[in-house]
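Below is one structure; the comments refer to it alone.
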Amino acid sequence: MIIQFLGAAQTVTGSMHLVSVNGSRILLDCGLFQGRRAEAYERNRTFPFDASTIDAVVLSHAHIDHAGNLPNLVKSGFQGRIYATAATRDLCQIMLYDSAYLQERDLAFLKKRGKNADLPKEPLYTSKDVDQTIDQFVGVPYRRYFDVADGVRVKFFDAGHILGSASVLAEITEGGKKTLLGFTGDLGRKDMPILKDPEHMGDVDLLISESTYGGKVHEQVTEMNRSLLEVIRRTVDRGGKVIIPAFSVGRTQEVVYATFELFNEGKLPAVPVYVDSPLAVNATEVFRLHPECFDEETLRYLHHDEDPFGFGRLKYIRSVDDSKRLNEKKDPCVIIAASGMCEGGRILHHLANSIEVNRNTVLVVGFMAEHTLGRRLVERQPEVKIFGDVVKLNAEVAILNSFSAHAGQDELLHYIGRMDKKKLKRIYLVHGEMSQAGQLAARLKESGFSHAEIPARGEKADSIA
């Protein structure tokens with residue numbers, strides 16, 4: 001067996017790992033790399049392998065940095081099956097079409113404005129490519145083995161990250177020898193709203209683990225609502241808007257849920273909350289179709305006919321005209337829009353119209369990868385470029401890491417620490433910048449896991465000795 005780390009290696013986006021065994025080639029995830037426009041397009045367009053030689057894809061979850069390049073894989077010749085949970089399949093059915101649409105729309109918008117530098121000549125894929133991709137999905141339940149290739153069977157465990165997210169346990173038999181390979185996917189956090197807590201996959205011989213926040217301990221989940229309330233209150237007091245870049249799947253629903261609870265408790269000021277994302281509207285409908293993923297508190301609300309995704313002051317925005325009208329509003333409000341890392345979508349227009357005004361707030365509730373507009377906002381750079389124009393950052397930037405859907409350092413250590421040290425031969429830390437992965441590796445070694453490695457992109461692992 002050979003494992004090759006082809007994406008999200010020493011960085012966070014573009015998750016993709018190739019497992020070659022018994023003559024079969026299996027991809028764990030096939031995500032979009034996000035960063036500098038020209039570099040991202042080239043890395044995403046060209047695969048480091050012949051797509052037609054891939055036999056199957058095992059997909060951890062629907063976020064674009066894990067699933068977003070699947071249509072390009074299919075377009076390039078992949079004809080195998082894509083295995084995912086039913087909820088992940090349903091989310092991909094809307095997210096991949098949205099990704100294709102946004103690529104075409106943003107490209108046309110920039111060309112119309114004459115911003116042609118570093119522009120790709122065409123989108124990575126179109127809706128027709130997505131049509132074929134969806135046909136190749138196979139939805140499978142949690143905690144039940146399914147065959148992927150000769151000598152390879154897989155079981156999904158609830159990762160607690162977003163709806164339908166899974167950690168992957170692969171039982172691999174090669175030359176009469178059985179090896180258990182674990183892949184955390186993106187691991188969630190205990191006691192987060194809406195979803196069930198992450199499940200443990202048990203002992204493994206090899207583990208590929210995310211390390212997004214490998215060097216950081218998050219603010220307690222219990223502080224989420226209080227921190228959100230403080231940001232909204234002080235912004236409203238100065239007459240401003242709260243602009244929240246958020247992934248349409250997962251983070252948007254969590255922020256909506258938190259505002260529902262604050263309104264329900266009579267704590268939140270009387271301000272309208274807008275979800276300006278057609279994808280988030282559709283994704284919320286998918287959430288309603290999968291109550292099997294919900295925790296007891298969310299189910300309790302639904303059983304009492306209280307809809308945390310559709311309360312009174314909440315308005316979902318679909319049309320472009322209604323989205324534009326939000327920028328004309330002068331009164332305080334909360335606007336939640338995608339994309340989560342501010343690399344495309346409607347959030348760019350809201351930021352362009354809001355961040356030069358010091359009474360407004362940009363509220364960051366998720367990880368921002370290197371070389372993204374979101375990271376530049378987190379760094380509070382005095383000027384940023386949006387659609388090629390230089391815009392001054394005068395608005396407040398508030399960061400609430402309690403909303404993170406990624407396990408922090410202590411939570412990752414606890415998850416891995418439950419595994420048998422003698423059985424676990426190697427840990428490969430991926431989906432993390434070097435600073436974060438390095439700190440986690442050091443802590444793991446202090447805990448007795450001596451073989452924690454941080455593979456570089458393209459690096460191969462072919463031994464567990």
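Computed from the C-beta positions of Glu199 and Leu302 and an R0 of 22 Å, the FRET efficiency is 0.50 to the nearest 0.05. As a calculated quantity, the FRET efficiency between Lys385 and Ala38 at R0 = 22 Å, using C-beta atoms, amounts to about 0.95.
Quick check of the Kirkwood formula: for the chain, what is the inverse mean of 1/r over all pairs of different Cα atoms, in Å? One over the average 1/r among Cα pairs gives 22.5 Å for the chain.
Each residue of the range 339-347 in order: what ³J(HN,Hα) in whole Hz does its phi give by Karplus 6.51 cos²θ - 1.76 cosθ + 1.60, θ = phi - 60°, with x for Gly and Pro? Along the range 339-347, the couplings run 8, x, 9, 6, 9, x, x, 6, 4 Hz.
The slack between Ala352 and Glu453, meaning 0.36 nm per residue of separation minus the straight C-alpha distance, is 32.3 nm.
Summarising the amide proton neighbourhood of Arg81: residues at separation of 5 or more, or on other chains, whose placed amide H is nearer than 5 Å comprise Val57. Taking all Cα pairs closer than 8 Å and separated by 6 or more residues, the relative contact order of the range 179-288 comes to 23 percent. Each residue of the range 203-215 is assigned a 3J(HN,Hα), and the resulting list reads 6, 9, 8, 10, 9, 9, 10, 5, 9, 3, 10, x, x Hz, derived from the Karplus form 6.51 cos²θ - 1.76 cosθ + 1.60 (θ = phi - 60°), x at Gly and Pro. In the chain, taking the dipole from charged Cβ atoms about the Cα centre, the farthest positive-side position among Gly80, His66, Pro141 is held by His66. Count Lys and Arg as plus one, Asp and Glu as minus one, and take only other residues whose Cβ is under 11 Å from that of Leu96; the net charge is then -2.
Were the residues from Lys190 through Lys324 laid out at 0.36 nm apart, the gain over their Cα-Cα distance would be 44.5 nm.
Past the 18 Å Cα-Cα mark, which pairs from Lys155/Lys190; Lys423/Lys445; Lys422/Lys445? Beyond 18 Å: Lys155/Lys190. The lysines whose alpha-carbon is closer than 30 Å to the alpha-carbon of Lys112, local same-chain residues fewer than 8 away aside, are Lys75, Lys121, Lys128, Lys241, Lys324, Lys329, Lys330, Lys385, Lys392. For the pair Arg45 and Arg233, a Förster radius of 51 Å applied to the C-beta separation gives a FRET efficiency near 0.65, rounded to the nearest 0.05.
When +1 charges are put on Lys and Arg Cβ atoms and -1 charges on Asp and Glu Cβ atoms, the dipole computed for the range 221-403 relative to its Cα centre reaches about 760 debye.
Extension gain, Lys267-Arg226: 0.36 nm per intervening residue step, less the Cα-Cα distance, totals 13.8 nm. Only Lys, Arg, Asp and Glu carry charge here, each on its Cβ (+1 for the first two, -1 for the last two); on that basis the chain has a dipole of about 920 debye about its Cα centre.
Remark: relative contact order (the chain) = 19 percent; criterion is Cα-Cα distance under 8 angstrom and separation of 6 or more residues. By the rule of a C-alpha distance below 17 Å, with chain neighbours fewer than 8 residues away ignored, the aspartates and glutamates paired with Lys178 are Asp147, Asp150, Asp203, Asp205, Asp420, Asp462.
Any read-out appearing in this document is the output of simple, stated calculations on the displayed coordinates, not a laboratory observation. Just so we're clear, the structure is a prediction, and the values are computed from it rather than from any experiment. No Cβ is skipped: glycine too gets one built from the backbone with ideal geometry, and neighbour counts run over all protein chains shown.
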